[in-house]
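Readers should treat all values here as calculations from the given coordinates under stated rules, not as data from a laboratory. On a predicted model such as this, the values are computed, not experimentally measured, just so you know. No Cβ is skipped: glycine too gets one built from the backbone with ideal geometry, and neighbour counts run over all protein chains shown.
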Amino acid sequence: MLPCGRVYARPVADLRCTHCGANGLEAGFIMDSGEHGKGFSRWVEGRLERGIFGGAKLLGRTKREITAYRCPHCFHLELFADNPS
Ligand SMILES: [Zn+2]
């Protein structure tokens, strides 16, 4: 989110693949099909810390939705962690 409170939406037309330089990237997301998942993966602020049962400590961490842009030429993924989730 920008300091003015607006969510930054990167225009797809401005995106270029950082691997091969092609444009025309295709928007998508990383699916999470875990038993207690919401159906999509999220970026979590800070390094991974595990709790006593091995799960990730998430309390108080900022979480953001991940937008994954796929290059149609080399299939590289460009990931952006944008909207808070
Ligand atoms: Zn590419």
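Here are the numbers for the structure shown:
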read-out: Residue-span extension gain [S33 to D14] - 0.36 nm each, minus C-alpha spacing; value: 3.8 nm
read-out: Relative intensity, log₁₀ I(q)/I(0), of the range 12-51 from a Debye sum that treats every alpha carbon as a point, q = 0.19, 0.25, 0.29 Å⁻¹; value: -0.80, -0.89, -0.96
read-out: Net length gained if the chain between N83 and A56 were fully extended (0.36 nm per residue, minus Cα distance); value: 7.6 nm
read-out: Charge dipole of the range 15-55 about the Cα centre (unit charges at C-beta), most positive-ward option of C17, F53, G37; value: C17
read-out: Mean Cβ neighbour count within 10 Å, used as a protection proxy, ranking 73-79, 39-45 highest first; value: 39-45, 73-79
